[in-house]
1. Decide, for segment 51-188, between rounded, prolate and oblate: order the square roots of the alpha carbon gyration tensor eigenvalues as a ≥ b ≥ c, take rounded if a/c falls under 1.5, and otherwise choose prolate if a/b is larger than b/c, else oblate.
2. May I ask you to order 113-119, 415-421 by the average number of other C-beta atoms within 10 Å around their residues, highest value first?
3. Packing-wise, with mean Cβ within 10 Å as the measure, how do 76-85, 38-47 rank, highest first?
4. Could you compute the FRET efficiency for R250 and D344, with r as their C-beta to C-beta distance and R0 at 41 Å, rounded to 0.05?
5. Students often get this wrong, so check it: of K244/K408; K108/K412; K127/K268, which have C-alpha atoms separated by over 24 Å?
6. So, with a 1.4 angstrom probe, what is the percent of accessible area on segment 43-161 that is carbon and sulfur?
7. In nm, to one decimal, how far is the H333 label point from the N130 one, both placed 7 Å along Cα→Cβ?
8. Run the quick spin-label model on L359 and K269: label points 7 Å from Cα toward the beta carbon, then report their separation in nm to one decimal.
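The values are calculated or read from the model by the stated rules, or taken from the named source; none is laboratory data. All values derive from a computational prediction rather than experimental measurement. Cβ sites come from the backbone with ideal geometry, for glycine too, and all protein chains shown count toward neighbours. The protein model used for the area step is the full one, side chains on, heavy atoms only, and it has no ligands, DNA or RNA in it. Shrake-Rupley method; radii C 1.70, N 1.55, O 1.52, S 1.80 Å.
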Amino acid sequence: DKRIRVSQPLSRGPSAFIPEKEVVQANTVDERTNFLVEEYSTSGRLDNITQVMSLHTQYLESFLRSQFYMLRMDGPLPLPYRHYIAIMAAARHQCSYLINMHVDEFLKTGGIAEWLNGLEYVPQRLKNLNEINKLLAHRPWLITKEHIQKLVKTGENNWSLPELVHAVVLLAHYHALASFVFGSGINPERDPEISNGFRLISVNNFCVCDLANDNNIDNASLTGNNFGIVDSLSELEALMERMKRLQEEREDEEASQEEMTTRFEKEKKESLFVVSGDTFHSFPHSDFEDDMIVTSDVSRYIEDPGFGYEDFARRGEEHLPTFRAQDYTWENHGFSLVNRLYSDIGHLLDEKFRMVYNLTYNTMATHEDVDTTTLRRALFNYVHCMFGIRYDDYDYGEVNQLLERSLKVYIKTVTCYPERTTKRMYDSYWRQFKHSEKVHVNLLLMEARMQAELLYALRAITRHLT
């Protein structure tokens with residue numbers, strides 16, 4: 001049993017990446033947060049995720065409301081099922097933080113303790129979700145109407161469409177939330193190790209890899225010449241300059257459709273190569289191999305643990321099929337389908353997507369009155385680009401101009417392999433920016449990812465229905 005047992009988080013506070021005082025300041029000021037937690041928290045306390053999200057109270061409200069609705073309000077699935085599905089989803093990314101949280105809630109809502117021994121102890125119909133869980137988490141573009149048909153037509157273990165939609169929403173929500181947990185360095189809760197007689201999985205993966213890779217380099221990286229303050233200031237100025245230039249160019253000239261298509265294909269292809277060399281240069285490859293061993297505590301909730309985001313670069317495949325956004329959009333198609341089969345969730349999700357996409361304080365680091373629309377759109381669309389989703393009216397050249405290499409590596413890791421995120425990656429981009437701005441980036445990545453997964457799943461359901 002090689003696992004490291006840590007009873008106290010390695011650094012104090014809710015996040016291993018963000019100084020505790022920054023998060024605490026936000027919380028003490030805010031009565032609203034406390035009200036929201038009382039109203040909508042399922043765990044009944046201000047957990048670490050909520051504390052970090054409370055850097056953006058407006059968003060936090062729509063997040064907590066939709067999560068509360070999925071887990072607690074009237075819906076097609078029984079309560080224990082909802083928490084078990086959350087566990088299955090989180091296990092795809094070895095996210096022990098979320099697994100522990102929902103093991104607790106599963107038992108509190110009357111779940112059968114034996115199920116926590118692993119998938120072989122659960123009803124067949126839950127087991128049948130394995131395939132769609134795996135595809136949604138790692139390669140959602142592979143989901144077809146046949147997958148849907150199999151689930152809704154398996155005799156006594158079949159899923160009704162409303163149940164399936166509820167399950168898919170939960171899976172997508174918890175895959176994306178795992179991205180947020182790892183991307184923001186959320187610390188394990190300070191709970192005793194035993195909960196309801198079940199030994200919790202004791203340490204979140206990023207702590208292990210932080211021990212291995214990061215803490216000792218922390219100070220070195222600040223003094224190293226490549227991390228000079230001058231560089232990061234000019235990095236900020238350069239980014240503002242590029243944003244301004246893009247605004248102006250857009251007013252001047254429109255690129256042709258062919259040119260736009262080419263730029264998307266180029267960006268999509270490049271995104272497939274982003275992590276391959278970069279993530280590993282910061283530490284020996286062997287550390288990385290160890291990370292990939294799924295701890296037995298987590299692996300009992302998944303099948304095919306080796307299945308991950310398709311690294312095309314390694315497979316020699318060039319082509320991720322393009323999903324043309326206008327053929328199946330959230331606004332025109334996904335929203336109404338999801339709302340019809342699982343009432344009201346569409347409105348809550350829609351509000352959450354809009355909220356994060358439009359959230360702005362018109363600031364960038366130390367600058368006031370900045371229009372950050374182009375930057376927010378580039379972040380959102382880049383995530384969709386990695387999942388093969390293309391917007392006809394968007395110029396993907398903007399992604400290249402606005403997102404520097406280290407930020408792209410970070411986005412790709414948080415979105416596709418969140419369990420590999422390290423503090424060093426988090427620190428390496430936007431060094432002049434506030435932590436709250438980086439948390440905002442993580443919220444955008446999380447929602448963009450959730451929306452991408454839902455678009456593929458809902459499109460397959462639509463095709464099944466037609």
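1. Working: a/c = 1.61, a/b = 1.44, b/c = 1.12.
Taking the square roots of the gyration eigenvalues as a ≥ b ≥ c, segment 51-188 is prolate.
2. Numbers: 113-119: 15.0, 415-421: 23.3.
With the highest mean Cβ count within 10 Å placed first, the list reads 415-421, 113-119.
3. Numbers: 76-85: 21.2, 38-47: 14.5.
Highest-to-lowest ranking by the protection proxy: 76-85, 38-47.
4. Values: r = 37 Å, r/R0 = 0.91.
Rounded to the nearest 0.05, the efficiency is 0.65.
5. Working: K244/K408 21 Å; K108/K412 36 Å; K127/K268 33 Å.
Beyond 24 Å: K108/K412; K127/K268.
6. Values: 1910 of 3960 Å².
So the carbon and sulfur contribution to the accessible surface is 48 percent.
7. Between H333 and N130, the simple spin-label model gives 3.0 nm.
8. The two pseudo-label positions are separated by 3.6 nm.
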